[in-house]
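A short write-up of the structure that comes next.
The values are calculated or read from the model by the stated rules, or taken from the named source; none is laboratory data. Since we're looking at a predicted model, the values are computed, not measured. Here the Cβ is made from the backbone with ideal geometry for all residues, glycine too, and neighbour counts use every protein chain on show. Heads up: the accessible areas ignore ligands, DNA and RNA and are worked out on the full protein's heavy atoms, side chains in. Shrake-Rupley method; radii C 1.70, N 1.55, O 1.52, S 1.80 Å.
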Amino acid sequence: MAGDQRANHRLSNSCILLIVLAGMERLAFKGVASNLVTYLTDVMKMSNSSAAKTVNSWCGFTSMLPLLVAPLADSYWDRYSTILISSVLYVAGLMALTSTALALAWSPRNKTTSSSSLLLWSLYLISIGQGGYNPSLQAFGADQLDEDEELPCSKDDQKSKKKSLFFQWWYFGVCSGSLMGVTFMSYIQDTFGWVLGFAIPMISMLTSVALFSGGSRLYMYKGDEAIYCNKPFESIVQAFKATKSKFMSCGIPLSTYKSDQVELELQDQKPLCSEEFDSTKELEENPARNGVHENAKVVLRLLPIWTMLLMFAVIFQQPATFFTKQGMTMKRNIGSNFKIPPATLQSAITLSIILLMPLYDKILIPITRLVTCDEKGITVMKRMGIGMFLSVIAMVIAAIVETTRLKMSRQMGNLDSQSETVPLSIFWLLPQYILLGISDIFTVVGMQEFFYNEVPIRMRTMGFALYTSVFGVGSFLSAISISLVEIFTSSKGKHSWFSDNMNEASLDKYYWLLALLSALSLLLYVILCKCYKSRSELENENCK
């Protein structure tokens, strides 16, 4: 009996394989993204603000694409095929990126517009591949769990714990891959060059595709429900058509979904507007439309929470951009010969996640269970809120450290020198990185579970796409905020907050601005949580 209980808490071999593959994909992506700002400024000779906006826009586009691909994956393609096709595009983009670096290495003086265009095309090809790959792989991994029920009225604690276990180990695998991508690849790129630095992520992704194909016999394949239920994208379109038809023709009801079209059924020999539209009766007679309307309500209820998480995503764009540029001006020596690549400090985020996540399960959750008398210890909503609060504290610390760095630089009289190193150790940046890692444990894992639970089973790829889209829109907001701040602070001949000369920049003011906006977002989030009812709570109310 005890052996059966232990087995219930274990993940299947297919889940473990997919977690490993997710880690390999993160190694490939972080191997490119974490140090890309350095490549753009040092090799492509972009300004600091232009490079930061390019990285933010690319990351935003990458994270937003799942919103477009996920409905197609849920409606027309099975997840296994989507993963395979997307991975081919992913590898093609990495090959193109490596070829671009190789061409520039052969002729470093030939940095033409065509080289920049080829670089951008290769980056956005990676985005297209990842747009289908990431949400489909995670949804496919969740499919391996022994859980088929939509939302049972009775809570199954064993299934809930196994689901939480999957998300936590999934994020552990993702962070392990990210750690390798940030530390190992940043060192390779700074020491041995960009050709090898981009070739290794390409090889990692090629290997993951081979392993995924080889493990096809292990997988559990789900999602072969009825045609209508398997096409949430079409059902949403039909819902909009139904609403439009209701207003245009005084509430003519739509028939049930039939293969390729939805026909308007008119009452025989009755005027169009003679009878009042009975929505309740129709939804009882047409459960498919009932599901559509319920799904639409769920998505609309998620929108306020989704919006409040955006500032958290904006903060998480800083380590790969301004934190990295900030570290380049600080003392980085270990011994006489070795210099720490600034991008490797991003590994502090993933390393803190890897080290502290087991403590979250073994120490924090048991303590909070005693305090809150809740089986989960901390609810998903509270978990996200704690992470948001910690991210605000991280930005406050970042602002204080940057203020100190600028003060030391001005005391030394280094305002005219872009390359002069400030005698302040780069390790002073560690607290803000570690705090962001701890906030990640709370908010990001909570976001995955939140969006997974709040969408129907047939739309789970879309649920993961909603989660990644938070970071996509956050990246675009970060790029927009940089542009706006640059416009307002560079007027009347003044240096902007993002001056290429880091000793003349005012990143500390930008960090204070982000901390203030994030605190406001957290306050609104707390207010929304008081009013929000989860899908399971609504289901339980309907079952009474």
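Some observations on this one:
- Helices (runs of 4 or more DSSP H) (entirely within the stretch 427-531) containing at least 1 residues that are modelled with pLDDT under 85 and open to solvent by 50 Å² or more (accessible area, probe 1.4 Å): 460-489, 507-531
- Close pairs (8 angstrom Cβ cut-off, 6 or more residues apart or separate chains): under 20 Å from residue 128 (Cβ atoms) in the stretch 466-483, among the acidic types (Asp, Glu) anywhere: none
- Per the listing 213, 235, the residue uniquely assigned to a helix (DSSP H, G or I), open to solvent by less than 60 Å² (accessible area, probe 1.4 Å) and modelled with pLDDT of 80 or more is 213.
- Number of the condition not met by residue 51 [criteria: (1) at pLDDT 75 or above; (2) open to solvent by 40 Å² or more (accessible area, probe 1.4 Å)]: (2)
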